[in-house]
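Undergrad: I'd like to ask you about the structure that follows.
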Amino acid sequence: MPGVVLIGAQWGDEGKGKATDLLGSRVDYVVKFNGGNNAGHTVVIGDEKYALHLLPSGILSPGVTPVIANGVVVDIEVLFQELDDLISRGVDVSRLLVSGSAHVIAGYHRTMDKVSERFLGKRRIGTTGRGIGPAYADKINRVGIRMWDLFDEKILAEKIEGSLDQKNHLLVKVYNRRAITVDETVEELLAYADRVKPMVADTSLILNQALDAGKNVLFEGGQATMLDVDHGTYPFVTSSNATAGGAVTGSGVGPTKISSVIGVIKAYTTRVGEGPFPTELFDEMGEYLLKTGGEFGVTTGRARRCGWYDSVIARYSSRINGITDLVVTKLDILTGIPKIPVCVAYDVDGVRYDEMPTDQTAFHHAKPIYTEFDGWTEDISGCRTFEDLPANAQAYVRSLEELSGARVSAIGVGPSRDAIIPLHDLLH
Ligand code: GDP
Ligand code: IMO
Ligand code: MG
């Protein structure tokens with residue numbers, strides 16, 4: 001009965017897309033359960049490179065049924081663009097299912113995202129500007145539009161009116177923008193209804209039936225633990241539950257159906273957007289990781305902030321998500337660095353913290369306490385077994401494992417599908 005959850009253990013962009021793709025041939029369903037087109041996953045298959053935002057990465061595996069579950073916020077125009085792009089490249093997308101309970105991102109959500117960021121000024125979050133936060137805010141405020149609503153024009157108009165009423169006051173009186181009309185939004189969303197209708201389904205029922213029938217279901221998280229609205233570095237987070245628990249609420253599958261949790265983690269750390277980041281590097285080493293690791297956002301093209309591996313965060317992620325297996329990615333990027341520091345604990349105003357501080361101020365003040373590991377110079381991109389790795393690379397991975405609270409089950413040594421060292425079966 002494997003219901004397997006795969007999540008990011010840091011601040012995103014750990015290589016979740018590649019890790020999902022790795023399991024693609026062995027799973028029946030891949031479910032996106034949180035976030036929306038704020039995600040950016042790069043999957044490299046042979047000479048082909050795919051950038052996915054809203055669709056689960058599993059869509060690239062023939063035979064898999066991709067599912068956009070209820071916890072996702074869906075920009076339907078982006079959905080169609082991504083589908084059309086994949087269709088033009090010969091990918092079969094015909095099995096895609098979208099939950100009728102998933103919330104819809106409308107034009108006014110994108111507008112609100114942009115104007116509220118501008119209004120926040122130096123307190124801005126650095127969002128992706130895709131309307132994610134405002135769409136989730138409407139969901140929680142109970143003025144959201146769900147996929148089902150697209151198929152009843154009268155209900156749709158009523159709901160849009162309810163949702164726009166307060167926003168127009170804000171837009172006109174506070175943000176000095178023009179009001180958005182109900183009619184233009186009804187027109188915008190209705191235009192999608194016919195094409196999306198055949199994809200809309202009761203995905204919770206379908207997934208539970210699949211699990212009961214012994215199928216493999218992979219729940220693919222967008223964003224990551226430190227961007228989770230409850231457990232991340234609030235308020236510098238996204239607006240959904242990107243942690244393993246989000247797979248349950250975001251898909252309508254019970255926790256008893258989940259058999260393992262894969263945490264994807266980079267051999268160093270990156271972050272996009274604002275917010276605290278204790279191991280961030282501001283020197284030429286940071287620049288080196290940025291360039292060598294190709295750390296530019298798939299969604300917004302922004303340069304990612306780079307720093308060393310932080311095992312306080314790894315332990316925290318292991319605990320919050322109940323991680324059973326870690327996939328350590330991008331080990332190859334560390335090749336050639338003579339001494340590799342790893343953060344083992346924080347110094348917060350003279351006090352040592354081995355575990356994540358719970359209050360925002362302490363985390364803002366956290367200074368990393370480093371242990372240095374010897375590096376290696378050999379090219380490891382062709383290594384396919386643990387024993388192929390140079391001794392120092394082996395020791396580095398074993399140290400991360402000891403420090404991080406979960407076993408390492410695979411190691412990424414390059415972007416391509418086969419550039420992976422398997423240690424333990426990820427489907428168990
Ligand atoms: P995601 O959002 O977690 O799916 O990750 P992204 O796709 O945003 O960023 C990860 C980047 O690292 C992508 O460009 C991947 O192709 C690349 N990548 C993944 N695993 C590895 C690896 O082991 N080594 C190298 N060099 N690149 C990798
Ligand atoms: P993947 O799935 C990295 C960040 C944004 C911003 C914050 C809030 O590729 O790992 P939002 O638009 O979600 O309201 O922005 O979250 N963020 C990500 N950072 N990877 C992502 O996704 C991200 N999705 C959102 O940069 O700091
Ligand atoms: Mg990404």
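Undergrad: Would you please state the base-10 log of I(q)/I(0) at q = 0.11 1/Å for the range 145-225, with intensities from the Debye formula using one equal scatterer on every alpha carbon?
TA: Per q value, in the given order, log10 I(q)/I(0) is -0.51.
Undergrad: Nearest 5 percent is fine: what portion of the DSSP beta bridges confined to the chain is antiparallel?
TA: If I count the DSSP bridges inside the chain, around 40 percent turn out antiparallel.
Undergrad: Could I ask something else about it? For the range 414-428, take each phi angle, set θ = phi - 60°, evaluate the Karplus expression 6.51 cos²θ - 1.76 cosθ + 1.60, and give the result in whole Hz per residue in order, putting x for glycine and proline.
TA: x, x, 6, 4, 8, 7, 8, 10, x, 10, 9, 5, 7, 9, 9
Undergrad: Points 7 angstrom from Cα along the Cβ direction at ILE87 and TYR234: gap in nanometres?
TA: 4.2
Undergrad: Within the range 255-343, report the chymotrypsin sites (Phe, Trp or Tyr not before Pro) that DSSP leaves as loop and that have at most 13 other Cβ atoms within 10 Å.
TA: PHE282
Undergrad: Something else about it: Just to confirm the number: angle between the C-alpha axis of helix 391-404 and the first principal axis of the chain, 0 to 90 degrees, nearest 10?
TA: Between helix and principal axis, roughly 50 degrees.
Undergrad: Another one. Cα extents of the range 264-422 along the three principal axes, largest first, in whole Å?
TA: Result, largest extent first: 44, 33, 29 Å.
Undergrad: Sticking with this one: Rounded to a whole number, what % of the accessible area of the range 356-428 do carbon and sulfur atoms account for, probe 1.4 Å?
TA: Carbon plus sulfur share of accessible area: 52 percent.
Undergrad: Just the number: Rg to Rh for the range 157-294, Cα atoms, Kirkwood Rh, two decimals.
TA: In the range 157-294, Rg relative to Rh is 1.08.
Undergrad: Over the range 1-69, what percent of the accessible surface lies on carbon and sulfur atoms, probe 1.4 Å?
TA: Using a 1.4 Å probe with all protein chains present, the range 1-69 comes out at 48 percent carbon and sulfur.
Undergrad: What part of the accessible area of the range 136-293, given as a whole %, is carbon or sulfur when the probe is 1.4 angstrom?
TA: 52
Undergrad: Whole-Hz Karplus ³J(HN,Hα) for the range 111-119, in order, using 6.51 cos²θ - 1.76 cosθ + 1.60 and θ = phi - 60°, x for Gly and Pro?
TA: 4, 4, 4, 5, 5, 6, 5, 4, 5
Undergrad: Let me know the Kirkwood hydrodynamic radius for the range 103-194, please, with Cα pairs as the basis and the value in Å to one decimal.
TA: 13.5
Undergrad: At what distance in angstrom do the alpha carbon centres of the range 412-428 and the range 262-290 lie from each other?
TA: Cα centroid of the range 412-428 versus Cα centroid of the range 262-290: 22 Å apart.
Undergrad: Taking R0 as 22 Å, what FRET efficiency do you get between LYS49 and ALA303 from their Cβ-Cβ distance, rounded to the nearest 0.05?
TA: For LYS49 and ALA303, the calculated efficiency is 0.70.
Undergrad: What accessible area per residue comes out for the range 83-218, rounded to a whole number of Å², with a 1.4 Å probe?
TA: Result: 53 Å² of accessible area for each residue.
Undergrad: Using Stokes-Einstein with the Kirkwood hydrodynamic radius over Cα pairs, what translational diffusion coefficient do you get for the chain at 25 °C and a viscosity of 0.890 mPa s, in µm²/s rounded to a whole number?
TA: 111
Undergrad: Another question, then. What's the center-to-center distance, using Cα atoms, between the range 310-342 and the range 2-63 in Å?
TA: Going from one Cα centre to the other spans 19 Å.
Undergrad: With every atom except the alpha carbons ignored, what do you get for Rg and Dmax of the range 150-196, in angstroms?
TA: Every Cα atom of the range 150-196 included, Rg and Dmax give 12.0, 37 Å.
Undergrad: Moving on to the next point. With every protein chain present, what is the per residue accessible area of the range 264-422 (1.4 Å probe, Å²)?
TA: 41
Undergrad: Here's a follow-up. Given charges of +1 on the Cβ of Lys and Arg and -1 on the Cβ of Asp and Glu, with all other atoms neutral, how large is the dipole of the chain about its Cα centre, in debye to the nearest 20?
TA: 700
The values are calculated or read from the model by the stated rules, or taken from the named source; none is laboratory data. On a predicted model such as this, the values are computed, not experimentally measured, just so you know. Please note: Cβ atoms are built from the backbone with ideal geometry, for glycine as well, and neighbour counts cover all protein chains shown. All accessible areas refer to the heavy atoms of the entire protein, side chains included, with ligands and DNA or RNA removed. Shrake-Rupley method; radii C 1.70, N 1.55, O 1.52, S 1.80 Å.
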